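Take a look at the structure set out below.
What follows is calculated from the coordinates using simple rules that are stated; it is not laboratory data. All values reported here derive from a predicted model rather than from experimental measurement. For neighbour counting, all protein chains shown are included, and Cβ atoms are generated from backbone atoms with ideal geometry for every residue, glycine included.
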Amino acid sequence: MKKTVLFVALFFGLGQMINAAFEDLNLDVSVTYATFTTPDQPYVEIYLHILGASVEKVFVNDSVFQSKVEVVTIFKQGESIVKFDKYILESPLTSGVINFFDLKRYGLENGTYELEVTVRDINKPENARVFKTPLVIDYQSDGIMQSDIELLSAFHEEATNKPAVKNGYYLEALPFNFYHKNISTLIFYNEVYNTDKAIGDEFLVRYSIEKVQGNGKTETVMIGNKKRHPKPINVLLLSMDISKLQSGNYNLIVEIRDRTGELLSDKKIFFQRSNPYLDLEIAKDAPLEGEFVMRLDTQQLRYSLKAIAPIVNDADSELINILVANRDSIEAQRRFLFTFWVAYSPNEPEKAYHHYMKVARAVDNLYKSGFGYGFETDRGNIFMKYGKPDDVMTVETDPSAPPYEMWLYNDFPKTKQTRVKFLFYNPSLATGDFRLLHSTAIGEWNNPQWEIELYRDAPTEIDGSDYISGTRMQDGYNRNARRLFEDF
């Protein structure tokens, strides 16, 4: 399965993806990979997509500028480094903000690895992201095998040796495994191996999309079939019309079946779809006369929508951004807000709304900064999602670190955990600019290098390693955060 990681400020669990374009972001990068094989050796392709607005820009002359990132890729087996690569990735010269991407291919033998990719802004070294994941390669010389599925933004025929060209096609990987509202076609690439040895006749490729429900159950919503003849390598480059696919979480499944329908092999990949205009069309007839949302003016509507952003799903979060940005969508704003609270509390939506907004206003006042409403800050976001922490510790006197704050939740029903902790820090020293640095909550930002980041002003005190691979600092009188976090 193609794997994806997202380095964005709002949220992300496994496979969840969203693309945003805001200025002054922390480094926003999608790191994805997919494995393939040749008759000689398996290999892995790593795809990087850098959000141009999140990278420091340096003017080359009066009219154009350029961004640069350092990429370090490490493959490990146990404590041994099997493969190491370090290079500089430059954006195109541009007069405006532009996203840029890269593809690297690494030959590897069958086995289990740990893949680690670090991306660092050359012009702003503190702006960095680290991606770690297990990687399994297991391709056999006989029996039906499939490569991982690669989701594509676009493709075209091309007869060159560029890294992105495979089997005569230039393939542009889809960033974030996320289909925004302007994408109407899902395109995927997949390779099927050994059908010439294992199947003596034509076979069936069945590809389908299943929707993942909130309770974990799935429902098949689209399906297609293609016949193929046996070859050493069968290339599948197929597309599906997703213009009518509603916002939500989905799996793409590619199955190989013989003529009798027996399943021989299958692969699956997770993706997300945001189709807010379709959602608005579905909700256009919601009755609003006499409801509380009709008493809200433009400013109150925008404030209320922003306040619920921390607790909605990914697709609805993007829809909120669209509605808030469009000042002419007052009717749609009212319909969305009303529908949300009816779903939350069918019998008393207005009462639920007012209760929530009372908390939202308090959180706004408590965590207000120069970077937005208080509930839009990292601390405010966590408060709105999970409620008031059971304990808070603020540290402003650690001489080797900026101010930091620890939150403790003794019970955490969202993930059925106990003693969940969050660590925020204020690297800019601006009033209220506390950012989430680390958490033990499942599905929230977990940063093994949080201590290194917190004490980045003491790089010579890293415990037994360098900045790239180190995970903790040496014990010292002026470095108390780990001890406090573990004892908290």
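Any chance you could tell me what percent of the C-alpha pair distances in the chain go past 41 Å?
Cα-Cα pairs of the chain separated by over 41 Å account for 26 percent.
Count neighbours as other Cβ atoms within 10 Å of each site's Cβ, and list the trypsin sites (Lys or Arg not before Pro) in region 401-462 that are DSSP loop with at most 13 such neighbours.
Here the trypsin sites (Lys or Arg not before Pro) that fit, given the DSSP loop and packing criteria, are Lys416.
Let's test this: bin the Cα-Cα distances of region 320-373 at 10 Å from zero up to the farthest pair and state each bin's percent.
22, 36, 39, 3
Using only the alpha carbons, work out the radius of gyration and Dmax of region 277-367 in angstrom.
Reported Rg and Dmax, both Å: 12.5, 38.
With the radius of gyration and the Kirkwood radius both derived from the Cα set of region 74-140, what is their ratio Rg to Rh?
My calculation puts Rg/Rh at 1.06.
When the Karplus curve 6.51 cos²θ - 1.76 cosθ + 1.60 is applied with θ = phi - 60°, which whole-Hz ³J(HN,Hα) does each residue of region 381-398 get, with x for Gly and Pro?
4, 5, 4, 5, 6, 10, x, 5, x, 6, 8, 9, 10, 10, 10, 10, 10, 7
Where does each of Glu350, Glu451 land when they are ranked from fewest to most other beta-carbon atoms within 10 angstrom?
Glu350, Glu451
Using the number of other C-beta atoms within 10 angstrom as an exposure proxy, rank Glu219, Glu150 with the fewest first.
With the sparsest Cβ surroundings first, the list reads Glu219, Glu150.
Extending each Cα 7 Å along its Cβ direction at Asn167 and Met294, get the distance between those two points in nm, one decimal.
Calculated label separation equals 5.9 nm.
Using the scaling law 2.2 N^0.38 Å as the reference, what is the normalised Cα Rg of region 54-201?
Scaled against compact globular proteins, the figure is 1.29.
What span do the alpha-carbon atoms of region 122-267 cover on each of the three principal axes, reported in whole Å from largest to smallest?
Projected onto the principal axes, the Cα atoms of region 122-267 cover 57, 41, 32 Å.
Could you list log10 I(q)/I(0) for region 105-161 at q = 0.13, 0.21, 0.30 Å⁻¹, which the Debye formula gives when each Cα is one point scatterer?
Calculated log10 I(q)/I(0) at the listed q: -0.65, -1.04, -1.18.
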